Structures are given as structure tokens and as C-alpha cells.
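First up is the structure itself, then whatever we jot down about it.
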Amino acid sequence: MTAPAPLPPPHQVVDPAAELASARQAVSAVAADLTLRAGRVAGEAKEILEALAMMAADPTLGADIEERIASGADAAHAVTEAFDAQADLLRDAGGYFAERAADLEDLRDRAVATVLGRPIPGIPDPGHPFVLVAADLAPADTANLNPEQVLAIVTERGGPTSHTAILARGLGIPAIVAVAGVTEVGDGTVVAVDGTAGTVTVGVEPAADNAPRVRTQTNLADLGPCHTKDGHPVSLYLNIGSIKDVRPGAQGVGLLRTEFLFLGRKDAPSVAEQHAAYLELFNAFPGPGTRVVIRTLDAGADKPLPFLGLPDEENPALGVRGLRTARLRPEVLDDQLAAIASAAAEATCEVWVMAPMVATPTEAAEFAAQARAHGLHHVGAMIEIPAAALRASRLLRHLDFLSIGTNDLGQYTMATDRQDGRLPDLLDPWQPALLELIALAAEAGRAVGKPVGVCGEAAADPGLAAVLVGLGVTSLSMTAAAVPAVHASLSARTLTECRDLAQRARDVDDPAEARKHAASAGSAAPAPPS
């Protein structure tokens with residue numbers, strides 16, 4: 001990694017206007033670079049980079065820099081102090097906001113390097129494939145990694161649901177996070193990284209032919225429908241955030257995030273604008289029987305949308321987010337459902353709609369009635385709150401399907417912020433308590449013949465995918481890069497073997513034991529998703 005430019009001692013300001021112009025140009029350049037990077041990617045990577053660009057262009061930050069220069073600070077120190085002050089405010093806020101402090105520090109380092117005319121901190125380019133080792137990676141760097149050059153990522157900090165881990169998964173790059181002391185390994189040391197087992201071996205002998213590795217992309221159309229070894233069907237869908245995430249041959253979409261239409265806006269997109277965007281996505285999956293599951297706006301917490309005008313909260317993860325935003329801005333949800341319904345009426349695929357952060361049967365009933373009033377026929381809810389999992393059978397009295405978001409369900413079950421890399425064991429999706437809640441929801445669906453899928457990060461873990469199928473989950477949704485490995489894992493096991501794996505994983509007290517018991521059933525289960 002290219003280290004941040006060191007900050008020189010303060011110097012006496014002779015021309016404040018010139019210092020201010022230098023600072024403004026540097027911050028604008030950082031925001032423009034992030035916007036450019038966002039245009040090259042899609043899905044969560046695009047959302048993260050667009051959010052970072054908004055942080056860099058924040059008028060409050062710009063005003064603080066101007067005040068500090070007016071008080072005698074030079075451009076580099078004014079930029080540093082202003083970004084640090086904002087980062088301190090986020091740390092004090094705690095939760096999701098505290099996690100964003102590291103993002104501000106990365107923006108600070110990029111802006112200061114620009115002011116000083118130094119190299120921007122970032123990824124090295126040794127001219128050959130390599131394993132990237134770092135204390136941590138900024139989202140701006142991770143999102144634009146080249147999978148043909150970066151063979152694997154190993155970081156000293158971070159957690160299984162950190163931005164680094166999520167973005168690396170989307171690129172198909174093995175990533176192992178929270179490896180203590182890994183930055184002490186010398187540059188040029190040959191290492192072996194096993195993303196499945198979650199191990200890093202230092203000092204191995206290089207391959208005899210010393211040939212660089214190149215990843216090949218599996219054509220999803222070549223895989224065919226997924227089923228267990230004894231013929232039990234399991235639908236494998238994609239998680240997507242925009243048209244750029246679509247891959248030929250995919251069975252359909254298990255999670256279409258709609259936030260891409262709302263991020264960075266001062267007002268909500270019109271019904272006509274949403275209609276056009278949704279129809280383009282629906283038409284990418286032509287033909288009757290092809291399913292596209294679209295999630296209504298999941299705003300709040302780590303996805304603040306200024307136009308919503310939501311109040312500041314001490315703990316936004318437990319406040320107004322997801323479906324709850326409709327309590328304050330009901331017209332936003334109503335317009336979105338109108339746009340989805342009108343686009344669905346013109347599409348040939350089967351459009352299903354679901355709401356995020358549903359907590360009670362009453363919320364489920366109200367959302368279902370509103371969606372059906374617009375003409376939508378397949379209505380469901382995300383299971384992200386333990387209360388919803390515990391009452392899944394009652395939710396299904398009003399709904400046609402459920403989709404389990406394991407990231408949020410895990411954090412609320414274990415009372416652990418999913419952005420906090422200090423507690424990776426509690427965020428492990430192999431936690432037996434989490435598996436118990438998934439089993440409850442799946443059993444509720446089986447009892448009434450309604451599908452229950454998983455669209456969280458756990459679905460991308462080949463070993464855990466078999467456990468989920470054994471628990472009764474009917475579909476799995478993930479990034480395109482994860483589909484081949486999950487397809488192979490399920491094809492190699494019978495449904496009975498999957499059920500045995502699931503029972504073994506539930507009959508223990510911690511995720512390590514769950515993984516060990518699953519492995520002892522006959523197939524090695526992978527480490528926590530990274």
C-alpha cells in the first residue's frame with residue numbers, strides 16, 4: 001500500500017485566498033475521483049463510492065476548512081483538522097456512524113496528498129499478480145481492484161461484514177480479515193491464502209513454473225438449474241443493485257436493491273423515472289417464470305438519504321430505517337410501489353416485491369395491502385429482526401414469501417454492530433442462535449407451502465449454503481461470482497446430507513463448533529464469509 005503523505009510542519013500563510021483555492025481544488029478532486037470510480041462499478045460498490053463522494057463534497061466540511069484558513073491555517077493543516085473534526089463527531093455518535101470515521105480519514109489523506117502534490121494513498125502496482133496485505137483497505141481502493149492482479153486480500157483489521165469483505169466478495173477475490181500481525185510479513189514474501197479455510201500460510205515455496213494465476217469467469221448459463229445430488233431443486237439468484245450487475249444465464253434476481261435510484265439526490269426520483277429504471281432491469285430477465293424480487297427503499301442507518309429529512313438519532317440502526325421511513329414519508333413508498341407495478345405490468349418476468357425491516361404481522365399486513373392495491377401479486381418481507389423470525393408464521397398469513405437478510409438478522413440477534421470489526425465471532429453467520437431463527441422462518445414457510453429464501457451474505461458461503469438448504473430454505477441469492485461454488489457444493493450433497501449438516505450445526509454452542517460438526521459430516525465447510 002502507498003502510505004499517506006506525511007503532514008509537514010505548519011507554515012505562515014501569506015496568501016489566504018491561494019490556500020483556500022488549493023484546499024477547495026483538492027477536496028473537489030477527491031470527490032470527482034470517487035464519482036468517476038463509482039461510474040465504473042455497480043451494486044454496493046457504486047453505492048459506497050457515491051456516498052463517499054457526498055461526504056467529501058459536504059458543504060459543512062467546506063465551510064470548516066474556509067474558517068480554519070481564515071484563522072491562519074495553511075491548506076494542508078486546514079483540510080486535516082476539518083476532516084479530523086468530522087471524524088471525531090462520527091466516533092462520538094457511535095454505531096454505524098463511528099465506522100464511517102475511517103472513511104473520512106481516507107478522504108482526508110487523499111485530499112492532503114493532493115494539496116501537497118504527493119502520490120495519492122492507494123494500491124501498489126508491482127506489474128504481476130500478487131496478494132494484497134494491508135492494515136485495512138478503504139472502500140475507494142477495494143471497489144476498483146483488478147481480480148486478475150489481486151489474487152487475494154489479507155487485512156489486519158475489519159470484520160466479516162465490513163466494506164472490504166463485501167466488496168471483495170462481489171469481485172470474486174478471496175479475502176481474509178482480522179488477521180493479527182499480518183502487516184509484519186515482509187514485502188515479496190510468498191504466502192498461500194485459502195479463502196475457504198480462512199488460513200494464511202507464510203513462507204511457502206513458490207510454484208515450480210512460477211506462472212501467474214488468472215481467474216476465469218464461469219458462464220452461469222453453463223451451470224444449468226441447481227439441485228441437490230438427489231434432485232431437490234434450489235433456486236440460485238443474484239443480488240444486484242443496477243443493470244451493471246446482471247449476468248447472462250442467471251436464474252433471476254433474489255434481491256434488487258433500489259437505493260441506486262435515490263442516493264445522492266436532493267429530491268426523490270419521479271414515478272416515471274423509477275418506472276423506466278425498473279423496466280430496464282426487468283427486461284434483462286425476459287420470459288415467463290423468471291423471477292425478479294425487488295426490495296423497496298432501504299434507507300436510514302448507514303444509508304442516510306438527505307431528501308427524506310429523517311431526524312437525527314442516537315442509534316439509527318434501531319430507529320427509523322427501512323419500511324419505517326414510510327411512517328414519516330408515506331408518499332415515497334407509495335410512489336415507488338406505483339412505479340414497480342407499472343413496470344411489472346409491461347415486463348415478461350415475474351416481479352415480486354418485498355419490504356425491508358418488517359417487525360410485526362401488522363406491518364406485514366399493511367404493506368401487503370398497499371402493494372396489492374397497486375396491482376402487485378407477489379408480496380413479501382425481509383426477515384431481519386428476531387421478532388419477525390419468531391412470528392414468521394403470522395407474517396405469512398398476509399404475505400406470499402419471506403427473504404432472510406442474514407447480515408442484519410445476525411447483528412440484531414447478537415446485539416453486535418455489523419460494521420464493528422472487533423467482534424467477528426459474534427457476527428459469524430454460523431452462530432447457532434442465528435441458524436435457529438432461520439430454521440423457524442423456513443419451517444413457517446414449509447408449513448403453508450410458501451417460499452423462504454436467504455439473500456444475505458451467508459448464502460454465498462458454499463458450506464453454509466448446504467446448511468441453509470438443510471434448514472428448509474428454498475432459494476439462495478448472492479453475487480454472481482459466488483454462484484458456481486455454491487452450485488457445486490449443493491450438487492455434491494443429497495437433501496438428507498444437507499439436513500444432517502444443519503442439525504449438526506444447530507446442536508452446538510458456538511460457530512467454530514458448528515463449522516467443525518458440519519465438516520465432520522463428510523464435507524469441509526468454509527470459514528466465515530470474507
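The values are calculated or read from the model by the stated rules, or taken from the named source; none is laboratory data. Bear in mind that the values here come from a model prediction, so they are computed numbers and not experimental data. A quick note on method: Cβ atoms are made from the backbone with ideal geometry, for glycine too, and the neighbour counts reach across all protein chains shown. All accessible areas refer to the heavy atoms of the entire protein, side chains included, with ligands and DNA or RNA removed. Shrake-Rupley method; radii C 1.70, N 1.55, O 1.52, S 1.80 Å.
Being outside any loop (DSSP other than H, G, I, E, B), open to solvent by 20 Å² or more (accessible area, probe 1.4 Å) and modelled with pLDDT under 90 is the filter here; which residues of region 294-352 pass it?
Matches in region 294-352: Lys303, Pro306, Phe307, Leu318.
Within region 360-368, is even one residue touching a Pro at 6+ places or on another chain (Cβ under 7 Å), crowded, with 23+ Cβ neighbours inside 10 Å and assigned to a helix (DSSP H, G or I)?
Scanning region 360-368, I find no residue that is touching a Pro at 6+ places or on another chain (Cβ under 7 Å), crowded, with 23+ Cβ neighbours inside 10 Å and assigned to a helix (DSSP H, G or I), so the answer is no.
Suppose we filter Leu409, Leu464, Leu468 for residues that are free of Cβ contacts under 8 Å to residues at least 40 places away in the same chain, open to solvent by less than 30 Å² (accessible area, probe 1.4 Å) and among the hydrophobic types (A, V, I, L, M, F, W, C); which single one remains?
Just a single option satisfies the conditions, and that option is Leu468.
So which residues in region 244-264 are free of Cβ contacts under 8 Å to residues at least 60 places away in the same chain and either among the acidic types (Asp, Glu) or under 18 Å from Ile340 (Cβ atoms) (or both), if there are any at all?
Passing the criteria: Val246, Leu256, Leu261, Phe262.
Among the listed residues Leu434, Leu427, identify the single one that is of a type in the set (A, V, I, L, M, F, W, C) and either open to solvent by 10 Å² or more (accessible area, probe 1.4 Å) or without any contact (Cβ under 8 Å) to a residue 12 or more places away in the chain (or both).
Numbers: Leu434 fails: either open to solvent by 10 Å² or more (accessible area, probe 1.4 Å) or without any contact (Cβ under 8 Å) to a residue 12 or more places away in the chain (or both).
None of the others qualify; the one that does is Leu427.
Looking at region 217-245, which of the residues that are hydroxyl-bearing (Ser, Thr, Tyr) and outside any loop (DSSP other than H, G, I, E, B) is surrounded by the most Cβ atoms within 10 Å (Cβ to Cβ)?
Within region 217-245, the match that is surrounded by the most Cβ atoms within 10 Å (Cβ to Cβ) is Tyr237.
It is to be established whether one or more residues within region 36-53 are part of a helix (DSSP H, G or I), at pLDDT 90 or above and exposed (fewer than 15 other Cβ atoms within 10 Å of the Cβ).
Looking through region 36-53, none of the residues is part of a helix (DSSP H, G or I), at pLDDT 90 or above and exposed (fewer than 15 other Cβ atoms within 10 Å of the Cβ).
If I ask for residues that are small (Gly, Ala, Ser), surrounded by fewer than 18 Cβ atoms within 10 Å (Cβ to Cβ) and modelled with pLDDT of 90 or more, which ones from region 253-276 would you list?
Step one: filter region 253-276 for residues small (Gly, Ala, Ser), giving 254, 264, 268, 270, 272, 276.
Among the residues that remain, those that are also surrounded by fewer than 18 Cβ atoms within 10 Å (Cβ to Cβ) are: 264, 270, 272, 276.
Hits for region 253-276 are Ser270, Ala272, Ala276.
I want to confirm something. Restricting to region 17-35 and keeping residues that are over 23 Å from Ala102 (Cβ atoms) and of a type in the set (D, E, K, R), which single residue is least open to solvent (accessible area, probe 1.4 Å)? Steps first, answer last, please.
Kept after step one, since they are over 23 Å from Ala102 (Cβ atoms), are these residues of region 17-35: 17-22, 24-25.
The next check asks that each one be of a type in the set (D, E, K, R); those that pass are 19, 24.
Numbers: Glu19: 34, Arg24: 128 Å².
It comes out as Glu19.
Residue under question is Glu67, and the condition is that it be among the charged types (D, E, K, R) and out of contact with any helix residue (DSSP H, G or I) (no Cβ under 8 Å at 6 or more places or on another chain); does it hold?
Values: among the charged types (D, E, K, R): yes; out of contact with any helix residue (DSSP H, G or I) (no Cβ under 8 Å at 6 or more places or on another chain): yes.
Spelling it out, Glu67 is indeed among the charged types (D, E, K, R) and out of contact with any helix residue (DSSP H, G or I) (no Cβ under 8 Å at 6 or more places or on another chain).
For Ala250, work out the one condition from (1) part of a strand (DSSP E or B); (2) modelled with pLDDT of 85 or more; (3) touching a helix residue (DSSP H, G or I) at 6+ places or on another chain (Cβ under 8 Å) it doesn't fulfil.
With (1) part of a strand (DSSP E or B); (2) modelled with pLDDT of 85 or more; (3) touching a helix residue (DSSP H, G or I) at 6+ places or on another chain (Cβ under 8 Å) applied to Ala250, the lone miss is (1).
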